[in-house]
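Below: the structure, in structure tokens.
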């Protein structure tokens with residue numbers, strides 16, 4: 001079983017997605033496991049007895065308007081995730097716009113290497129203290145050349161893509177799009193769909209019954 005360990009300040013942002021559809025069924029089948037850890041649960045309490053707060057961030061030494069996530073709470077959360085486990089094959093990822101680009105090949109490689117546990121650290125604000133990466137020997141990963149508010153969306157993207165590569169998650173081998181000939185154009189009933197007095201038809205080749213021509217059409221698509 002592959003276990004995803006997600007380190008995030010906003011665990012509720014993941015709840016709906018991981019509790020629905022394919023990821024939910026994969027967990028029910030015990031093909032994957034998803035565990036979430038909040039660095040706030042491992043933070044020091046600061047402030048006054050009347051107004052205590054959990055400190056998870058601090059001002060950057062370089063200056064600037066944003067805050068940087070402290071290494072302590074994150075490292076303690078990772079320590080909790082790892083526990084006393086000495087077995088298995090672990091990988092640690094920090095989501096960052098400047099990291100290795102996440103691709104379908106990257107997802108497949110996770111499964112091919114028989115990784116058993118993936119720690120995914122979701123940044124927020126101005127980022128994570130760089131010493132976290134050095135201490136954990138983590139790999140920075142990006143899902144695209146753009147900046148997001150946090151690492152939770154990339155974590156969900158990565159979990160979804162990686163989970164699909166596990167045998168049994170999709171039910172049928174043919175369901176894995178990259179392993180079959182497939183056009184980006186797909187159609188279903190009815191054969192003719194009318195919208196605002198205009199008729200839109202399914203391509204004639206898909207109605208022909210000629211499997212050779214249909215496969216050629218899919219390749220061109």
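The values are calculated or read from the model by the stated rules, or taken from the named source; none is laboratory data. Since we're looking at a predicted model, the values are computed, not measured. Here the Cβ is made from the backbone with ideal geometry for all residues, glycine too, and neighbour counts use every protein chain on show.
Results for (1) loosely packed, with under 10 Cβ neighbours inside 10 Å; (2) modelled with pLDDT of 90 or more; (3) outside the structural domain of residue 24 (by TED's automatic domain parsing), shown as yes or no for each residue.
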| site | (1), (2), (3) |
| --- | --- |
| 139 | no, yes, no |
| 143 | no, yes, no |
| 147 | yes, no, no |
| 156 | no, yes, no |
| 187 | no, no, yes |
| 207 | no, yes, yes |
| 214 | no, no, yes |
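Restricting 78, 68 to residues that are surrounded by 14 or more Cβ atoms within 10 Å (Cβ to Cβ) and in contact with a helix residue (DSSP H, G or I) (Cβ under 7 Å, 6 or more places away or on another chain) narrows the list to 78. Note on the range 118-155: residues that are touching a helix residue (DSSP H, G or I) at 6+ places or on another chain (Cβ under 8 Å) and assigned to a strand (DSSP E or B) total 8. For the range 77-93, the condition of being assigned by TED's automatic domain parsing to the domain that holds residue 152, modelled with pLDDT under 95 and within 15 Å of residue 152 (Cβ to Cβ) holds for none of the residues.
Report yes if residue 62 is surrounded by fewer than 16 Cβ atoms within 10 Å (Cβ to Cβ), in a loop (DSSP other than H, G, I, E, B) and either touching a residue at least 12 places away in the same chain (Cβ under 8 Å) or assigned by TED's automatic domain parsing to the domain that holds residue 161 (or both), otherwise no. In short, yes.
Of the set (1) over 21 Å from residue 140 (Cα atoms); (2) part of a loop (DSSP other than H, G, I, E, B); (3) modelled with pLDDT under 90, all apply to residue 46 but (2). Just to be sure, is residue 161 under 23 Å from the mean Cα position of the chain (by Cα), at pLDDT 90 or above and closer than 15 Å to residue 26 by Cα? In short, yes.
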